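Written below as structure tokens is the structure these notes are about.
Each reported figure results from applying straightforward, stated rules to the coordinates on display, with no laboratory input. As the structure is a prediction and not an experimental result, all values here were calculated from the model. Quick reminder, even Gly has a Cβ in these numbers, built from the backbone with ideal geometry, and neighbours come from all protein chains shown.
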Amino acid sequence: MVFSLNAHQSMLRCPRCRSTLVQDGDSLVCTNPDVRLRYPVLEGIPRLIVDEATELTSEEWNAVMAKLGMSTNRS
Ligand SMILES: [Zn+2]
């Protein structure tokens with residue numbers, strides 16, 4: 001089963017900060033630059049559990065956002 005965020009995008013929020021999530025491969029990444037949590041997707045099911053998330057470094061998070069075409073500019 002291939003997980004696709006599109007059908008669920010409006011429903012998926014980071015459980016820590018309620019920001020939207022973006023899909024990066026087999027994981028979901030919080031779009032909040034102060035949180036930067038990466039949640040695993042196991043067998044097509046997002047595991048939106050803070051204890052199971054890993055925190056990206058600023059560099060890693062910026063690379064993910066850039067790859068996905070997300071703007072990281074903060075006005
Ligand atoms: Zn978050």
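General remarks:
- Computed magnitude of the charge dipole of segment 14-75 (debye, nearest 20; Cβ of K, R +1, Cβ of D, E -1): 280
- Residue order, fewest to most beta carbons within 10 Å, for Cys17, Cys30: Cys17, Cys30
- Segment Ala63-Asn32, length gained on full extension (0.36 nm per residue, minus Cα span): 9.8 nm
- Rounded to the nearest whole Hz, the Karplus-based 3J(HN,Hα) values (6.51 cos²θ - 1.76 cosθ + 1.60, θ = phi - 60°) of segment 59-72 follow the sequence 5, 5, 5, 4, 5, 5, 5, 5, 5, 8, x, 7, 7, 10, with x at glycine and proline.
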